[in-house]
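Encoded as structure tokens, the structure appears first; notes follow it.
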Amino acid sequence: LAVMQLGLLPVGVQPSLVVAGAITVLLSGLSVVSAVLGAISGYNVTAAGRTMEVTLMSAGLVAGVVLALGVAVRLGLPDEPIAEPLAQTALRLPAQVVAGGAAAACFAVASYATRRAVPVAAGAGALGALAHGALVLFGLNQIAASAVAATLIGFCGGLMSRRFRLPPLVVAVSGLTP
């Protein structure tokens, strides 16, 4: 709020994207996966604790966003619209595939995956980015393309994890990240 109010935000940078990026980092997606995995594995107390952690983190995040929006309205800050997504073109598809593979690999490394799992996770991320980008390019909407790509990652991730004898959760979660 202070950067926006003082005019220190660089020209061309949309505050809504900065805020969305900061909030995305705070989301508790991996904790949800850990809670579900604990429940499936039979560690009910651990799953209950992680579920409570996710609930408290999410409630704190929502309360913080509401509080910040309330302060911004009271200060009279301008209401900036969210940026429109870039149109999908065939020229962007190779870059998206490479970026999807790189993001999945980085997520696998950040999640302490083994060295053998990182290339498989990168392949799953690249496959998901390719499927999503191609489906959007052919006219499917974002939600349906995401659902088809996620299903493909889950199916192919299970096959790849069996083939390379890796935990399927590592491949699937890393592949879904991009």
* Any chance you could tell me what percent of the C-alpha pair distances in the stretch 116-178 go past 14 Å? => 48
* Structure fact -> Phi-derived 3J(HN,Hα) across the stretch 100-116 with the Karplus relation (6.51, -1.76, 1.60, θ = phi - 60°), rounded Hz, x for Gly and Pro, is x, x, 5, 5, 5, 5, 5, 5, 5, 5, 5, 8, 6, 6, 6, 5, 5
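Per 0.36 nm of contour for each residue apart, how much would the distance between Val71 and Phe164 grow if the chain were fully extended, relative to their Cα-Cα spacing? Display every interim value, and only then the final one.
Numbers: separation 93, 0.36 × 93 = 33.48 nm, distance 5.19 nm.
Using 0.36 nm per residue and subtracting the Cα-Cα distance, I get 28.3 nm.
What number, rounded to the nearest 500 deg cm²/dmol, is the helix-based mean residue ellipticity at 222 nm of the chain, given -39500 (n - 2.57) per DSSP H run of at least four residues and division by all its residues? Kindly include the intermediate steps, with their values, before the conclusion.
Details: 8 runs with 133 residues, N = 178.
After summing the helix terms and dividing by residue count, I get -25000 deg cm²/dmol.
Just subtract the alpha-carbon distance of Ala90 and Asn44 from 0.36 nm times their residue separation and send over the number in nm, one decimal. It would help to have the intermediate numbers written out before the result.
On the way: separation 46, 0.36 × 46 = 16.56 nm, distance 4.72 nm.
Extending this stretch completely gives an extra 11.8 nm.
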* **From the coordinates shown, Cα extents along the principal axes in Å corresponds to which of (1) 57, 49, 29; (2) 43, 38, 33; (3) 57, 41, 35** => (1)
* Give me the percent of the accessible area of the chain that comes from carbon and sulfur atoms, probe 1.4 Å, all protein chains in place. => 72
* About its Cα centre, how strong a charge dipole does the chain have in debye, to the nearest 20, once Lys and Arg get +1 and Asp and Glu get -1 at the Cβ? -> 740
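The values are calculated or read from the model by the stated rules, or taken from the named source; none is laboratory data. None of the values given here were measured: they were computed from a predicted structure. Neighbour counts run over all protein chains shown; Cβ positions are idealised from the backbone, glycine included. These area figures cover heavy atoms from the full protein model, side chains too; ligands, DNA and RNA do not enter into them. Shrake-Rupley method; radii C 1.70, N 1.55, O 1.52, S 1.80 Å.
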